[in-house]
Amino acid sequence: MRALLYSALDLAAIISSMELTCREESHIIDLIWEGEKTFFADKYRSNKRQFILDIRYWMHYFHEKTILDQEFPAIQKDLAYGKHTVNTEEYISDYSDLDLFFKSVRIRILYGKGNGYVRIKLRSLLTQYGYQRRSPFLLQHINRCRLFYHLEATLRGGAPCDIETCGLDKMLTFRVV
């Protein structure tokens with residue numbers, strides 16, 4: 001379950017994607033600090049300063065990612081001169097993980113502007129994270145994330161949804177319970 005806890009990188013990715021003003025970002029970070037401590041990685045539960053600094057660090061990274069990616073060949077050249085290497089795929093690839101989707105859903109519902117729910121087609125969710133079908137392991141992981149983040153999945157009209165048996169083209173509505 002430790003892997004499901006929020007890291008500063010997770011929260012920075014979520015908050016950056018919300019396209020907020022600086023004041024709104026600061027306000028949401030404060031709200032998350034007050035309301036989500038049980039979901040934080042251990043090192044942040046009692047250290048608000050470190051929590052904010054780490055989130056801001058990663059938010060600045062995301063803001064400057066395109067510039068940093070353009071400079072990557074020069075960085076590689078400098079490292080090669082010093083006989084060091086960097087894994088290109090790890091450096092350039094965007095951070096995406098199925099866990100991040102569920103973390104984002106919870107944060108958006110509780111602290112974002114707008115609705116108290118998030119809607120997505122099951123097929124879109126699976127495709128977005130590179131899955132083509134529902135394996136037992138994937139379904140188990142999705143259900144574990146839903147339980148951990150206290151998310152309920154329903155179909156249109158509020159009918160309870162069983163992700164294992166519902167159609168791939170069904171619109172899922174996630175709410176915090």
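The values are calculated or read from the model by the stated rules, or taken from the named source; none is laboratory data. These numbers were taken from a predicted model, which means no experiment stands behind them. Note: ideal-geometry Cβ built from the backbone for every residue, glycine included; neighbour counts use all protein chains shown.
Descriptive notes on the structure:
- Remark: TRP33 falls outside the filter, which requires a residue to be at pLDDT below 95 and either surrounded by 11 or more Cβ atoms within 10 Å (Cβ to Cβ) or in contact with a Pro (Cβ under 8 Å, 6 or more places away or on another chain) (or both).
- Residue in the range 46-53 that is within 20 Å of HIS150 (Cβ to Cβ), modelled with pLDDT of 90 or more and buried (at least 18 other Cβ atoms within 10 Å of the Cβ) present: no
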